[in-house]
Amino acid sequence: MISVFDPDPFPSTYQPYPGVPTVIRGATIYDGEGGQIDNGMVYFADGRIQAIGQTLDVPEGATVIDGTGLWVTPGIIDIHSHLGNYPSPSVAAHQDGNEITGPNTANVWTEHSIWPQDPGFSRALANGGVTTLNVLPGSANLFGGRTVTLRNVPSRTMQEMKFPGAPYGLKMACGENPKRVYGSRNRTPASRMANIAVARQAWIDAERYRNQWRSYRENGGNRPARNLRHETLAGVMDGEILVHNHCYRADEMAIMIDMAREFGYTISTFHHAVEAYKIPDLLRENDICAAMWADWWGFKMEAYDTVFENVPMVHNGGACAIVHSDDQNQIQRLNQEAAKALADGRRAGIEISDAEAWQWLAINPARALGIADETGSLVAGKRADIVLWNGDPFSVYSRPQMVWIDGALLYDMNNPQLRPISDFELGQPGEGSVR
């Protein structure tokens, strides 16, 4: 730490909902790390996965669920969401994801815009099997602010959803958005070269701030004045805050890698990354993930030069591939988005198994968020974040049948009492709809 103040002034108050010892048996299991168990079993209790395998002893008193003809996977992790800070209903009063007042707003924390009553959370749970999500600020600024990782549980406050121990992220953006937003106001940056110049100066200023605090901590003297922008960037340079970088073009991703090297920090993930297929070697060598859509492209020039095989080509190149949403509707069908990418890869001759592809929705985003020790795969000791699907999860006809978070059953398609409804929805038309 560079300073002597509290680095976590808004700590998680998350408490798991209660669960019961449960065994699912007879299902096809994708473990989230590329493994598959046919006719397998998974046992979870006390909020954690206790055992997984072909044959397990059923503990006395455990709830047993027949999974014959069904599939079990880890809960889906969406690494790029705006639920809560761009909630539904989508009205101006709710648009709290972008602080469009300057190219560097690293001082803002998106968790302070999160509205836990957003109906999108329950839709993502029930329709999409999403158990964990990373909510980011928008991409209007070079430095958009801090990201936050949430448990997808009904709650009254943001802190009740906050994933305990998950590191903060920093949302950065390159390319068209910052130069368009500020160039249109006759302000810098108005070009890609200014994007980099302004960002470099911000790192230089933060490095100076970091050194001042280091000197104060080691030698005493006058205590430096706090600066929230510099604190966030210093936290990145200290390795405590992960960089999530909105970036489309391959050449710009390469530039961002060089800038990270110049200032001694690392990039966790390039988001959107429609040209990631051009540089899987750079991603692999620098241990950077690419979070991508299956086929969302062409809506602006920097999103034009993609291929439908983007995700499988990154995976096939040995880099970390992730399927993300960035959308309140796509988050409800990330399994289908991954299925489209998988099918496109196979048509191009890239053979990736279904079990391998589930890494794009599970262990890969968990690693990129710094929470892989806790979730992202069905491994004994990890949190019991589990989805039981009523069919092949890569089929457009399948949907979650039951969803557990920390071993607590939070959704059951056959039990109307287990369909989360936020307080805001009560009395509204279509309340609790999971269509």
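Side notes on the structure shown:
- Rounded accessible area per residue of the chain, 1.4 Å, Å²: 40 Å²
- The magnitude of the dipole of the chain, with charges of +1 and -1 set on the Cβ of Lys/Arg and Asp/Glu and taken from the Cα centre, is near 1220 debye.
- Cleavage-rule hits, trypsin sites (Lys or Arg not before Pro), the range 202-245, DSSP coil, Cβ neighbours within 10 Å at most 13: ARG226
- Between the range 123-192 and the range 374-422, the alpha-carbon center distance in angstrom: 25 Å
- Rounded to the nearest Hz, the phi-derived 3J(HN,Hα) couplings of the range 404-415 under the Karplus curve 6.51 cos²θ - 1.76 cosθ + 1.60 (θ = phi - 60°) are 10, 10, 6, x, 9, 6, 9, 8, 9, 4, 9, 10, where x marks glycine and proline.
- Comparing VAL274, VAL396, VAL243 in a Gaussian network model of the chain (Cα springs below 10 Å), the most mobile by mean-square fluctuation is VAL396.
- Surface composition of the range 189-299: carbon plus sulfur atoms hold 47% of the accessible area, using a 1.4 angstrom probe and ignoring ligands, DNA and RNA.
- Across ALA234, ALA51, ALA92, mean-square fluctuation computed from a Gaussian network of the chain (C-alpha pairs under 10 Å connected) peaks at ALA92.
- Largest mean-square fluctuation among VAL198, VAL403, VAL148, in a Gaussian network model of the chain whose springs join Cα atoms under 10 Å apart, belongs to VAL198.
- Annotation for GLN15 and THR55: the two label points, set 7 Å from Cα along the Cα-Cβ direction, are 4.2 nm apart.
- Amide H contacts of GLY84: TRP115, each under 5 Å away and 5 or more positions distant or on a separate chain (H built 1.01 Å from N in the peptide plane; Pro and chain starts excluded).
- Under the simplified labelling scheme, the ASP281-ALA408 pair shows an inter-label distance of 4.9 nm, with each label point 7 Å from Cα along Cα→Cβ.
- Per residue, the average separation of C-alpha pairs within less than 8 Å and at least 6 apart gives the range 1-53 a relative contact order of 27 percent.
- Cα centroid separation - the range 333-369 against the range 5-59, whole Å: 21 Å
- Extreme residue, positive dipole direction of the chain, given options ASN134, ILE77, LEU410 (C-beta unit charges): ASN134
- Membrane-span-like helices in the chain (whole DSSP H runs, Cα extent of at least 15 Å along the helix axis, mean Kyte-Doolittle hydropathy of at least 0.0): 250-263.
- Computed with a 1.4 Å probe on the full set of protein chains, the accessible area for PHE424 sits at about 80 Å².
- Placed amide H near GLN401: partners under 5 Å, 5+ positions off or other chain: LEU388, TRP389, ASN390
- Within the assembled protein chains, the solvent-accessible surface assigned to SER395 is about 30 Å², based on a 1.4 Å probe.
- Residues whose placed amide H lies under 5 Å from that of TYR168, excluding near-sequence neighbours: LEU242
- When the solvent-accessible area of the range 58-186 is split by element, carbon and sulfur atoms take up 50 percent of it, the probe being 1.4 Å.
- The slack in the chain from SER191 to ILE350, taken as 0.36 nm per residue of separation less the alpha-carbon distance, amounts to 53.5 nm.
- GLN36 paired with THR266, simple spin-label distance in nm, labels 7 Å along Cα-to-beta-carbon: 3.2 nm
- [x] 20, 38, 27, 13, 3, 0; [y] 27, 56, 17, 0; [z] 26, 60, 14, 0, with the label sought being that of the calculated P(r) over Cα pairs in 20 Å bins from 0, in percent: [y]
- Computed E for VAL64/ASN227 - FRET, C-beta separation, R0 51 angstrom, nearest 0.05: 0.35
- Relative contact order, whole percent, for the chain stands at 21, derived from Cα pairs under 8 Å and 6 or more residues apart.
- Contour minus Cα-Cα distance for GLU431 and SER395 (0.36 nm per residue): 10.3 nm
The values are calculated or read from the model by the stated rules, or taken from the named source; none is laboratory data. This structure is a prediction, so every number in the text was calculated from the model and none was measured. Heads up, the Cβs are rebuilt from the backbone with ideal geometry, glycines too, and the neighbour counts pull from every protein chain shown. Ligands, DNA and RNA are excluded from the accessible area calculation, which covers all protein heavy atoms including side chains. Shrake-Rupley method; radii C 1.70, N 1.55, O 1.52, S 1.80 Å.
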